[in-house]
Amino acid sequence: EVPLVESGGGLVQPGGSLRLSCVASGFTFGIYDMSWVRQAPGKGPEWVSGINSGGGNTTYADSVKGRFTISRDNAKNTLYLQMISLKPEDTAVYYCVTSRATDNGLQYDYWGQGTQVTVSS
């Protein structure tokens, strides 16, 4: 049993679109702030987008602002990431994570298994 399961990744051409989903279990999803984090080959994790527990406040990395939209449905314990105008540099494994504020910044406690997004012509 895993707490977070991502899906929706795949191969897409530059300029294409993809919608990622993340289903949570084993904890109270509706009280957690959530984020999407991605990791490209040979690179460290990169924060992509965040959303507060109620879903009314969203934030984005500059690299994806205007192209990605984060949302959630707490009744379905599900987090989403709608991606449009995809670029080759978006290629990475995308992870759904819980986020928690600490004195040292955000802490990611629960991670999904990740879903691969490949943008290539």
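The values are calculated or read from the model by the stated rules, or taken from the named source; none is laboratory data. The structure presented is a predicted model; accordingly, all values stated were derived computationally and were not measured. Ideal geometry is used to build each Cβ from the backbone, glycine not excepted, and the neighbour counts take in all protein chains shown. SASA here: full protein model, heavy atoms, side chains in, ligands and nucleic acids out. Shrake-Rupley method; radii C 1.70, N 1.55, O 1.52, S 1.80 Å.
Overview of values
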{"item": "18 Å Cα-Cα reach of Lys76 towards aspartates and glutamates, excluding residues that sit fewer than 8 places from it in its own chain", "result": "Glu1, Glu6, Asp33"}
{"item": "For the chain, size of Cβ-based charge dipole, Lys and Arg +1, Asp and Glu -1, in debye", "result": "280"}
{"item": "Percent antiparallel among DSSP beta bridges (both partners in the chain, rounded to 5)", "result": "95"}
{"item": "The range 62-104 and the range 11-45: distance between their alpha carbon centers, rounded to Å", "result": "5"}
{"item": "Residue-count net charge about Ala101 - beta-carbon cut-off 15 Å; Lys, Arg +1, Asp, Glu -1", "result": "-2"}
{"item": "Probe 1.4 Å, protein heavy atoms only - accessible area per residue of the chain in square angstrom", "result": "52"}
{"item": "Sequence-distant aspartates and glutamates (8 or more away, or on other chains) whose Cα lies within less than 15 Å of Lys87", "result": "Asp62"}
{"item": "Calculated P(r) of the chain - Cα pairs past 21 Å, %", "result": "32"}
{"item": "Trypsin sites (Lys or Arg not before Pro) restricted to DSSP loop in the range 2-45 with at most 11 other C-beta within 10 Å", "result": "Lys43"}
